[in-house]
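Please see the structure below; I have some questions.
The values are calculated or read from the model by the stated rules, or taken from the named source; none is laboratory data. Just so it is clear, the structure is predicted and the values come from calculations on it, not from any experiment. Note: ideal-geometry Cβ built from the backbone for every residue, glycine included; neighbour counts use all protein chains shown. Keep in mind that these areas ignore ligands, DNA and RNA; they rest on the heavy atoms of the full protein, side chains included. Shrake-Rupley method; radii C 1.70, N 1.55, O 1.52, S 1.80 Å.
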Amino acid sequence: MDDISEASDAQLVTMIGRYDEVALAEAYRRHGGAVFGLARRVLNSAVEAEDVTQEVFLRLWNQPDRFDPTRGSLRSFLLAQSHARAVDAIRSLNARRNREVKDASKTARSGYDMQHEAWDIALADQVTRALEELPDEERQVIQLAYFEGHTYVKVAEILQQPEGTVKSRIRSGMRRMRAVLNEAGIQGVET
Amino acid sequence: MKHDEAYELLAALALDAVDDHERLVIEEHVATCPKCRSELDSLLEVAGALGNSVDPLPEGLWTSISSRIYDNGDVAHPMPVLAYDNGARVVSSQRRHVRRPAQRTVFSSLGAVAAALIVVLAVSLANQTNRASNLQHQLVNESATSAALATPGHTVVDMASSTQADLASFVLVPDGRGYLISSHLPTLPVGDTYQLWGVINGKPISIAIMGTSPRKVTFTVSGSKPTLLGITVEPTGGSPIPTSAMVASGAVED
């Protein structure tokens with residue numbers, strides 16, 4: 001393959017497994033912005049988000065076999081890594097101490113505005129629509145869990161709702177989003 | 001954990017909204033349950049779409065990542081020859097020698113023993129104004145290079161970029177001395193210099209400041225032989241660590 005920009009994500013990961021740094025650079029070019037963007041959004045800190053982004057791509061470099069192309073896209077795999085590390089950081093005492101204090105309920109109410117940040121162009125409309133179509137209570141629990149890094153137990157505590165209710169809302173909200181994205185033809189979210 | 005309990009928590013797991021203990025037990029179940037695994041994969045894609053906002057990448061972040069891939073003591077990875085077109089596209093795709101993990105171990109062991117012994121001497125003779133002196137130095141250099149090329153066990157390292165195969169070549173002799181054989185590196189503007197690096201024990205070690213238009217470069221590396229030579233463009237005076245992508249590199253074959 002003469003032009004690495006034409007390689008599929010799966011091919012890139014195979015090349016990374018052969019210690020091809022150019023392939024890693026191409027993976028970074030394609031997905032680094034999303035990895036960094038999600039980490040920055042969750043951590044509310046560009047500096048910490050850079051650390052997370054480094055960890056995600058170094059992990060891809062050291063353990064490329066952890067990505068299984070039959071289970072989903074590389075973008076989603078990397079975003080899951082980014083989110084998990086961001087959440088780990090945010091749940092730690094130091095991260096919390098350094099983080100800008102936010103009022104959770106205010107954040108949840110203003111969550112719609114977050115949708116207007118720089119979404120990846122290909123998904124922006126569909127994801128926005130999927131979020132818009134969620135009932136408020138489902139959107140709220142997903143935003144508190146995903147973008148604030150809270151466990152469902154903590155979300156229940158914040159909202160003063162039973163844990164079972166929060167679990168149920170997360171599940172139904174995610175499935176509803178999947179249906180909308182699936183209907184829009186977004187790959188990888190078929191049931 | 002029972003199937004129904006795990007299945008109920010898959011959406012929360014996809015959002016990282018479970019605690020560590022729950023994560024472990026759910027993942028334990030998912031590993032043996034195709035239905036849960038399929039559901040989780042699908043929900044992770046939804047989570048990926050949800051978090052799919054793209055931010056401009058911070059300047060220098062890639063440099064940090066690429067420099068840290070050598071941090072674990074491995075020496076197998078040659079330094080990448082990368083160039084970005086306004087940060088938007090990797091324009092270099094040079095294929096390079098691939099070493100497998102078994103070789104990593106060998107090189108790591110060798111490198112670990114000697115990494116602390118690296119001594120760098122750099123001689124860059126530029127801007128000579130005396131023609132006679134130039135000629136004299138040139139003859140001496142050519143003589144030394146010729147002698148190095150005639151030394152048993154010498155190694156020739158060809159430096160290339162993605163677009164040019166013969167940007168420079170060096171000869172290394174077993175006692176650690178090295179010489180520039182030839183260079184087609186373009187002349188740099190005032191304020192910049194080429195800098196030669198050797199990857200030893202997985203880390204780039206400065207070997208020589210080469211000047212703006214390298215013609216004569218000699219150096220000595222004590223200790224382990226580098227596994228790779230690379231050239232970067234740095235501010236005049238050089239840099240303790242590479243601050244830019246390599247413009248040329250070449251594997252040091254045994």
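For residues in segment B:1-29 being of a type in the set (Val, Ile, Thr) and open to solvent by less than 10 Å² (accessible area, probe 1.4 Å), which is nearest to the other protein chains (Cβ to nearest Cβ)?
Looking at residues that are of a type in the set (Val, Ile, Thr) and open to solvent by less than 10 Å² (accessible area, probe 1.4 Å), I get B:18.
Search segment A:1-10 for residues being facing another protein chain (nearest Cβ under 10 Å) and assigned to a loop (DSSP other than H, G, I, E, B), and hand back the single one that is nearest to residue A:66 (Cα to Cα).
Going through the qualifying residues, I end up with A:7.
Residues are listed down the side, and each one gets a yes or a no for (1) more than 23 Å from residue B:18 (Cα to Cα); (2) facing another protein chain (nearest Cβ under 10 Å); (3) surrounded by 23 or more Cβ atoms within 10 Å (Cβ to Cβ):
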position	(1), (2), (3)
A:12	yes, no, yes
A:24	yes, yes, yes
A:28	yes, yes, yes
A:35	no, yes, yes
A:59	no, no, no
A:71	no, yes, no
A:80	no, yes, no
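Something else now. For a quick check of your reading of the model, give me the residue pairs whose first member lies in segment A:11-36 and is under 23 Å from residue A:87 (Cα atoms), whose second is open to solvent by less than 10 Å² (accessible area, probe 1.4 Å) and part of a loop (DSSP other than H, G, I, E, B), with beta-carbon atoms closer than 7 Å and at least 6 apart or on different chains.
Listed pairs, sorted by first residue: A:34/B:52.
When you look at residue B:249, is it in a strand (DSSP E or B), touching a Ser or Thr at 6+ places or on another chain (Cβ under 7 Å) and not acidic (Asp, Glu), yes or no?
no
Could you figure out which of (1) more than 9 Å from chain B (Cβ to nearest Cβ); (2) of a type in the set (D, E, K, R); (3) buried (at least 22 other Cβ atoms within 10 Å of the Cβ) isn't true of residue A:51?
The number of the failed condition is (3).
Just to be sure before I move on: is residue B:214 in a loop (DSSP other than H, G, I, E, B) and surrounded by fewer than 23 Cβ atoms within 10 Å (Cβ to Cβ) in the structure I sent?
No; evaluated as a whole, the condition is false for this residue.
One residue is enough: does segment B:173-186 have a residue meeting the conditions under 17 Å from residue B:251 (Cα atoms), touching a residue at least 12 places away in the same chain (Cβ under 8 Å), assigned by TED's automatic domain parsing to the domain that holds residue B:247 and touching an Asp or Glu at 6+ places or on another chain (Cβ under 7 Å)?
no
Next question, about the same structure. Any residue at all in segment B:153-170 that's under 21 Å from the mean Cα position of the chain (by Cα), of a type in the set (Ser, Thr, Tyr), crowded, with 23+ Cβ neighbours inside 10 Å and assigned by TED's automatic domain parsing to the domain that holds residue B:66?
Among the residues of segment B:153-170, not one is under 21 Å from the mean Cα position of the chain (by Cα), of a type in the set (Ser, Thr, Tyr), crowded, with 23+ Cβ neighbours inside 10 Å and assigned by TED's automatic domain parsing to the domain that holds residue B:66, which makes the answer no.
Read through the list (1) within 34 Å of the chain's Cα centre (by Cα); (2) touching a residue at least 24 places away in the same chain (Cβ under 8 Å); (3) more than 7 Å from every other protein chain (Cβ to nearest Cβ), then give the number of the only condition that residue B:60 fails.
So residue B:60 meets the others, but not (2).
Can I ask one more? Looking at A:108, A:95, A:156, which is the one that is under 22 Å from residue B:13 (Cα atoms), modelled with pLDDT of 90 or more and among the small types (Gly, Ala, Ser)?
From the options A:108, A:95, A:156, the qualifying one is A:156.
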